[in-house]
Amino acid sequence: MDAVLALDLGGTKFAAALVDSRGEVHAREQVLVDHEVDGEGVWRQLVGLISDVLGHPEAPDYTVLACGVGSAGPISPNLESVSPLNLAAWRDFPLRERLSDELEMLVVGDLDTKALAVGEGWKGAAQGRANYVAMVVSTGIGGGIVLNGRLLDGTSGNAGHIGHIIVAPDGHPCTCGAHGCLEAEASGTAIANITGAPATEANYAVIERTGRMVGRGVASVMNLLELDLAVVGGSVALGFGQPFFDAAQAELDTLCRFPGDVLQPAIVPAGLGDAAPLVGAAAVAWKTLGRLG
């Protein structure tokens with residue numbers, strides 16, 4: 001059976017798998033990123049992860065046609081270079097060239113949350129929808145926007161980065177240099193910085209505040225672009241569960257206003273769950289191959 005190698009590259013972990021043309025995930029592996037090593041050390045971690053997937057007992061059942069990558073940003077178009085804010089060892093790292101040399105196959109990629117948007121439209125909670133925003137609330141926060149059936153790219157490929165919408169004027173400092181960005185208020189990193197404890201230990205008040213901040217950011221995007229669906233994945237959002245989504249929806253209901261109330265804005269969990277980033281990365285490859293059915 002045909003498959004693509006999917007890579008999800010975040011600031012906390014790298015994940016990889018083989019994903020077939022039906023969007024089903026096989027031979028899935030992951031590794032925590034070692035922030036104590038240099039850029040080449042991080043690269044060796046990635047190569048080891050890829051070797052684990054391609055050497056997985058399931059791998060011989062598949063013919064790997066290409067590699068699809070979703071990377072934390074900022075990025076340059078098609079991942080010619082990547083500089084993830086939460087991965088200091090990689091600054092202008094030539095990811096696509098290194099992967100192409102290593103794998104000797106077609107390598108295509110995009111911002112991780114833009115890839116997730118493609119995947120959710122393909123097999124997830126946005127199937128059949130022409131207008132929506134997809135986002136990840138995890139170590140950081142990012143998004144991808146589909147408008148009139150088209151994924152927005154922007155000048156350098158980083159369009160839709162909802163993590164840097166200001167949701168708390170005079171709020172906490174962000175790695176981008178501003179204050180009060182959604183990423184600085186509601187990401188896993190921000191929660192740890194603000195509370196002194198990891199997001200996995202958050203109490204109800206923290207969960208509710210995080211949901212409100214995300215709902216506030218989503219409302220701004222929806223009001224601007226006349227969207228009515230936000231699909232949210234990521235370890236923080238999915239880990240916090242229903243109380244997070246209830247708080248986000250309540251904030252959305254308060255702030256998201258359309259003329260004549262013609263739209264009913266909704267914020268929902270990623271339909272692909274924790275597999276969404278990998279399916280999204282694969283979707284970028286299948287789309288390039290002309291087989292995103």
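Every test in (1) basic (Lys, Arg); (2) more than 24 Å from residue 183 (Cβ to Cβ); (3) not in a loop (DSSP other than H, G, I, E, B) is passed by residue 129 save one, and that test is (3).
With in contact (Cβ under 8 Å) with a residue 12 or more places away in the chain, outside the structural domain of residue 177 (by TED's automatic domain parsing) and more than 25 Å from residue 127 (Cβ to Cβ) as the only criterion, which of 18, 7, 87 stands out? Testing whether each residue is in contact (Cβ under 8 Å) with a residue 12 or more places away in the chain, outside the structural domain of residue 177 (by TED's automatic domain parsing) and more than 25 Å from residue 127 (Cβ to Cβ) leaves just 87.
Here 217, 163 are screened, and the one residue that is over 23 Å from residue 278 (Cα atoms) and either in a helix (DSSP H, G or I) or in contact (Cβ under 8 Å) with a residue 60 or more places away in the chain (or both) is 217. In this structure, residue 64 qualifies as farther than 29 Å from residue 238 by Cα, touching a residue at least 60 places away in the same chain (Cβ under 8 Å) and not acidic (Asp, Glu).
For the stretch 90-114, the set of residues classified as modelled with pLDDT of 95 or more, under 22 Å from residue 154 (Cβ atoms) and among the aliphatic types (A, V, I, L, M) consists of 95, 107, 108, listed by residue number. Screening residue 203 on (1) in contact with a Ser or Thr (Cβ under 8 Å, 6 or more places away or on another chain); (2) modelled with pLDDT of 95 or more shows it passes everything except condition (1). Screening 71, 81 for residues that are more than 21 Å from residue 286 (Cβ to Cβ) and among the small types (Gly, Ala, Ser) leaves exactly one candidate, 81. Given the criteria under 15 Å from the mean Cα position of the chain (by Cα) and either modelled with pLDDT under 95 or surrounded by fewer than 24 Cβ atoms within 10 Å (Cβ to Cβ) (or both), does residue 172 qualify? It is false that residue 172 is under 15 Å from the mean Cα position of the chain (by Cα) and either modelled with pLDDT under 95 or surrounded by fewer than 24 Cβ atoms within 10 Å (Cβ to Cβ) (or both). Total residues in the stretch 100-117 satisfying the condition of being part of a helix (DSSP H, G or I), farther than 28 Å from residue 230 by Cβ and in contact (Cβ under 8 Å) with a residue 60 or more places away in the chain: the figure is 1.
Tell me, please, whether a residue that is part of a helix (DSSP H, G or I), under 13 Å from the mean Cα position of the chain (by Cα) and loosely packed, with under 15 Cβ neighbours inside 10 Å can be found in the stretch 221-244. No; the residues of the stretch 221-244 include none that is part of a helix (DSSP H, G or I), under 13 Å from the mean Cα position of the chain (by Cα) and loosely packed, with under 15 Cβ neighbours inside 10 Å. Note on the stretch 135-151: residues that are part of a strand (DSSP E or B) and in contact with a helix residue (DSSP H, G or I) (Cβ under 8 Å, 6 or more places away or on another chain) amount to 11.
Taken as a whole, the condition of being under 30 Å from residue 106 (Cα atoms) and touching a residue at least 12 places away in the same chain (Cβ under 8 Å) applies to residue 273. Scanning the stretch 275-293 for residues that are surrounded by 14 or more Cβ atoms within 10 Å (Cβ to Cβ) and of a type outside the set (A, V, I, L, M), we see that the one that is modelled with the lowest pLDDT is 277.
The values are calculated or read from the model by the stated rules, or taken from the named source; none is laboratory data. Predicted model only: the values in this text are computed from it and were never measured. Note: ideal-geometry Cβ built from the backbone for every residue, glycine included; neighbour counts use all protein chains shown.
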